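Written below as structure tokens is the structure these notes are about.
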């Protein structure tokens with residue numbers, strides 16, 4: 001990890017101050033995201049030109065109406081998951097559990113599919129051909145009533161991923177980590193992504209072809225309902241409300 005001169009209590013205080021300073025800029029009916037980024041600071045050769053030489057701590061916020069509103073229709077229609085040419089970096093070279101913004105291969109993959117429709121998300125393959133994760137999300141498929149997601153050693157183990165696995169257990173839905181290939185996605189009954197901004201978002205197409213019957217699946221709906229109950233926020237209704245606000 002990166003050593004940081006700011007304690008957790010100080011970080012909480014700074015975050016509270018940031019919220020108060022920006023409160024007037026936000027609509028009280030719209031939630032906003034808070035992001036914390038920490039870096040080692042200025043590279044040694046440049047430190048003589050700056051006053052602060054320790055780790056850099058950046059905290060910023062942004063409203064969620066645009067981000068969520070523009071995908072609201074996908075909760076009913078589902079999105080298209082596309083495998084780009086860019087592969088995931090093997091865990092033997094870069095530990096995927098590192099929560100880092102310095103992931104050039106993510107941006108290369110996103111750039112590759114940028115010309116496709118806005119309802120397209122990247123899902124990466126590893127060097128062994130197995131599906132790993134999205135560029136900022138985890139990926140699940142449903143086959144024969146069983147919920148599968150990529151093995152933990154090859155992905156960033158997202159909080160929403162872990163919550164989804166826990167909820168599956170509570171609902172009696174068989175769930176496990178597994179290796180699976182693009183073929184397994186193409187022949188799955190359902191698929192979906194999990195990620196902090198969108199929580200769970202359904203995938204009804206893979207490389208442009210329908211998954212299952214091409215509709216949002218029942219396992220996804222059960223998990224989404226359980227997630228809504230667990231967190232106390234109907235994220236789907238929220239996204240649809242934001243879509244109306246930005247229309």
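The values are calculated or read from the model by the stated rules, or taken from the named source; none is laboratory data. Remember, predicted model here, so these are calculated numbers, not experimental data. Here the Cβ is made from the backbone with ideal geometry for all residues, glycine too, and neighbour counts use every protein chain on show.
When segment 162-176 is examined, which residues are found to be free of Cβ contacts under 8 Å to residues at least 24 places away in the same chain and surrounded by 17 or more Cβ atoms within 10 Å (Cβ to Cβ)? Walk me through it before giving the result.
Taking segment 162-176 as the starting set, the residues that turn out to be free of Cβ contacts under 8 Å to residues at least 24 places away in the same chain are 162, 165-166, 169, 172.
Once the filter is applied, which keeps residues that are free of Cβ contacts under 8 Å to residues at least 24 places away in the same chain and surrounded by 17 or more Cβ atoms within 10 Å (Cβ to Cβ), segment 162-176 yields only 165.
Quick one: is residue 224 in contact with a strand residue (DSSP E or B) (Cβ under 9 Å, 6 or more places away or on another chain), closer than 14 Å to residue 168 by Cβ and assigned by TED's automatic domain parsing to the domain that holds residue 123?
yes
Residue 187 - would you say it is in contact with a helix residue (DSSP H, G or I) (Cβ under 8 Å, 6 or more places away or on another chain) and either assigned by TED's automatic domain parsing to the domain that holds residue 35 or closer than 20 Å to residue 121 by Cα (or both)? It would help to see each step written out before you state the result.
Numbers: in contact with a helix residue (DSSP H, G or I) (Cβ under 8 Å, 6 or more places away or on another chain): no; either assigned by TED's automatic domain parsing to the domain that holds residue 35 or closer than 20 Å to residue 121 by Cα (or both): yes.
It is false that residue 187 is in contact with a helix residue (DSSP H, G or I) (Cβ under 8 Å, 6 or more places away or on another chain) and either assigned by TED's automatic domain parsing to the domain that holds residue 35 or closer than 20 Å to residue 121 by Cα (or both).
Restricting the search to segment 6-28, which residues are in contact (Cβ under 8 Å) with a residue 12 or more places away in the chain and surrounded by fewer than 11 Cβ atoms within 10 Å (Cβ to Cβ)?
Quick first cut of segment 6-28, residues in contact (Cβ under 8 Å) with a residue 12 or more places away in the chain only: 6, 11, 14-15, 18-19, 22, 26-27.
Within segment 6-28, just 27 meets the criteria.
Of the numbered conditions (1) closer than 21 Å to residue 83 by Cα; (2) touching a strand residue (DSSP E or B) at 6+ places or on another chain (Cβ under 8 Å); (3) without any contact (Cβ under 8 Å) to a residue 12 or more places away in the chain, residue 213 satisfies every one except a single condition; which is it?
Result: residue 213 fails condition (2) only.
Taking segment 162-204, which residues are closer than 29 Å to residue 240 by Cα, in a helix (DSSP H, G or I) and touching a strand residue (DSSP E or B) at 6+ places or on another chain (Cβ under 7 Å)?
164, 165, 168, 169, 185, 186
If you check 201, 228, which single one turns out to be touching a helix residue (DSSP H, G or I) at 6+ places or on another chain (Cβ under 8 Å) and touching a residue at least 40 places away in the same chain (Cβ under 8 Å)?
Details: 228 fails: touching a residue at least 40 places away in the same chain (Cβ under 8 Å).
Of the residues listed, the single one that is touching a helix residue (DSSP H, G or I) at 6+ places or on another chain (Cβ under 8 Å) and touching a residue at least 40 places away in the same chain (Cβ under 8 Å) is 201.
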